[in-house]
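Peer 1: Before I ask anything, let me first share the structure, which is written out below as structure tokens.
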Amino acid sequence: MKIYQHLDCYNIRFNEITESEEIKVVSVEYNLINSRTTTITLVFSPMLCKIYEVQTNLSLDMADLSELADLRFIVLSKNKEYLTKLVPPMLQFWEYDEFLLMASLRSKEKIEVRKQLRNILEHEPNVEFRSHARAFKEIDMQLKLIPMQEMGIPYFTFSEFLKTAEAEKFTSKEKGTGYARMYQIWRSQAKACLKNNVRAEYVFSSGEKCGQPVFNAAGFIMEKIIIQTPVYMGSSFDDKRVVYCTFHSHEHDLKFAGPDRTDIVLFNFLDKGMLVEQWVVYTDPNSNETPDFSNDLFSILRTRPDWQSTEFRLAEQLQPIQSSPETGYYLIPKIGLH
């Protein structure tokens, strides 16, 4: 596999094309991390049922491009036997004429196509957790070479992330996705540790607590955010005070993500439609359950008599992790999902 940059696209080449071969070209929508999408173009041989290359937009960042390159793209002819074929765990599929095109993990595990198609159509994931392949591999290889019982992994809140060199690569609107990528990496590292019977311990990466554990037994920490430039969140919040609770995840497709995939919870304090204050709950990447933080929230409200009689709203749908497009210095809920 090689990646080439052309004037109008990136080209991920899996196999070389010979001049004599017939090829077909089809453009499809692919789900990226943090519930984003991008158009990719699949170039394949209808006779050999072989994917030659995947072309992507030049606006795609390197992390997304690497993720695509780590996948296995498969094409099957829709003959009588294709539903019984065994293929690696399927993430997405597309139908084109008499062909079934798939994006799958590079895995030794093989599952019948029929079962995997049914799972996707019924919003049941074929992959329990979609790891960051390279982050998982790095930790897995490291633990095989250097056995240990516990591994310290640097962690930072969103406000701390904004101070890193990594955050500078993103525009204000994209900083939320940059942080979502960190949660994908942290959860992948935790998965690699679990595979090797090693405890992943997330530690503060800077400041007075540098090197100390981040999460307590409850499995979360909370951070207060003062919104210096209040932002309008919509007419449904006008003329009232509302504490709007939203749950956020880095996942690629939130139709497949349940409450156990919550990375961050936002308690948004809105006054007459304006977001004026916020509490961010960061969950332990080791955990597969959303922690119970109700007592902590009630403790906060008890110290704020001006907010005790407000309306409390709970978002029903899991949302992506997004930052304020105006400044990028705080996270915001997705408007219209309440």
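The values are calculated or read from the model by the stated rules, or taken from the named source; none is laboratory data. This structure is a prediction, so every number in the text was calculated from the model and none was measured. Cβ atoms come from the backbone with ideal geometry, glycine included; neighbour counts cover every protein chain shown. Remember, those area values only see protein heavy atoms, side chains included, never the ligands or the DNA or RNA. Shrake-Rupley method; radii C 1.70, N 1.55, O 1.52, S 1.80 Å.
Peer 1: Tally up the residues in segment 160-187 that are touching a residue at least 60 places away in the same chain (Cβ under 8 Å), of a type outside the set (D, E, K, R) and surrounded by 15 or more Cβ atoms within 10 Å (Cβ to Cβ), please.
Peer 2: 9
Peer 1: Please determine, by comparing only the residues of segment 27-61 that are of a type in the set (Ser, Thr, Tyr) and within 17 Å of the chain's Cα centre (by Cα), which one is most open to solvent (accessible area, probe 1.4 Å). Don't jump to the end; show me each part of the working.
Peer 2: Within segment 27-61, the first condition is being of a type in the set (Ser, Thr, Tyr), and the residues that meet it are 27, 30, 35, 37-39, 41, 45, 52, 56, 59.
If we keep only those that are within 17 Å of the chain's Cα centre (by Cα) as well, we get 30, 35, 37-38.
Values: 30: 0, 35: 52, 37: 85, 38: 19 Å².
Out of the qualifying residues, it is 37.
Peer 1: Do the conditions hold for residue 290, that is, is it of a type in the set (S, T, N, Q) and under 18 Å from residue 222 (Cα atoms)?
Peer 2: yes
Peer 1: Could you check, for segment 276-286, whether at least one of its residues is within 19 Å of residue 241 (Cα to Cα) and either at pLDDT below 85 or open to solvent by 20 Å² or more (accessible area, probe 1.4 Å) (or both)?
Peer 2: Yes - at least one qualifying residue is present in segment 276-286.
Peer 1: Shifting gears a bit: How about segment 7-24: which of its residues are touching a strand residue (DSSP E or B) at 6+ places or on another chain (Cβ under 9 Å) and open to solvent by less than 80 Å² (accessible area, probe 1.4 Å)?
Peer 2: 9, 10, 11, 12, 13, 14, 15, 17, 21, 23, 24
Peer 1: Taking interchain pairs and intrachain pairs at least six residues apart, which have beta carbon atoms under 7 angstrom, with the first residue in segment 200-217 and in contact (Cβ under 8 Å) with a residue 40 or more places away in the chain and the second part of a strand (DSSP E or B) and basic (Lys, Arg)?
Peer 2: Nothing qualifies.
Peer 1: On to the next question. For segment 143-158, which residues satisfy the criterion of being surrounded by 14 or more Cβ atoms within 10 Å (Cβ to Cβ) and assigned to a helix (DSSP H, G or I)?
Peer 2: 143, 158
Peer 1: Sticking with this one: Only one residue in 224, 191 is closer than 24 Å to residue 247 by Cβ, under 16 Å from the mean Cα position of the chain (by Cα) and open to solvent by 40 Å² or more (accessible area, probe 1.4 Å), so which one is that?
Peer 2: Unique residue meeting the criteria: 191.
Peer 1: From the set of residues in segment 292-319 that are assigned to a loop (DSSP other than H, G, I, E, B) and within 21 Å of residue 236 (Cβ to Cβ), which is most open to solvent (accessible area, probe 1.4 Å)? Give the derivation first.
Peer 2: Going through segment 292-319, the residues assigned to a loop (DSSP other than H, G, I, E, B) turn out to be 292-293, 303-304, 308-310, 315-318.
Filter again for within 21 Å of residue 236 (Cβ to Cβ), leaving 309-310, 315-318.
On the way: 309: 110, 310: 33, 315: 8, 316: 173, 317: 105, 318: 31 Å².
The qualifying residue most open to solvent (accessible area, probe 1.4 Å) is 316.
Peer 1: Being touching a residue at least 24 places away in the same chain (Cβ under 8 Å), of a type outside the set (A, V, I, L, M, F, W, C), closer than 30 Å to residue 176 by Cα and touching a Pro at 6+ places or on another chain (Cβ under 8 Å), is that true of even one residue in segment 72-84?
Peer 2: Of segment 72-84, the ones touching a residue at least 24 places away in the same chain (Cβ under 8 Å) are 72-77, 82-84.
From what's left, of a type outside the set (A, V, I, L, M, F, W, C): 72, 77, 82, 84.
Within this subset, residues satisfying the condition of being closer than 30 Å to residue 176 by Cα are 72.
Imposing the further condition that a residue be touching a Pro at 6+ places or on another chain (Cβ under 8 Å) reduces the set to 72.
There is at least one residue in segment 72-84 that is touching a residue at least 24 places away in the same chain (Cβ under 8 Å), of a type outside the set (A, V, I, L, M, F, W, C), closer than 30 Å to residue 176 by Cα and touching a Pro at 6+ places or on another chain (Cβ under 8 Å).
Peer 1: Give me the residue from segment 62-98 that is assigned to a strand (DSSP E or B) and touching an Asp or Glu at 6+ places or on another chain (Cβ under 7 Å) and, out of that set, surrounded by the fewest Cβ atoms within 10 Å (Cβ to Cβ).
Peer 2: Initially, segment 62-98 is screened for residues assigned to a strand (DSSP E or B), giving 72-77, 86-87, 90-96.
With touching an Asp or Glu at 6+ places or on another chain (Cβ under 7 Å) added as a condition, the list becomes 77, 86.
On the way: 77: 13, 86: 11.
If we take residues in segment 62-98 being assigned to a strand (DSSP E or B) and touching an Asp or Glu at 6+ places or on another chain (Cβ under 7 Å), then 86 is surrounded by the fewest Cβ atoms within 10 Å (Cβ to Cβ).
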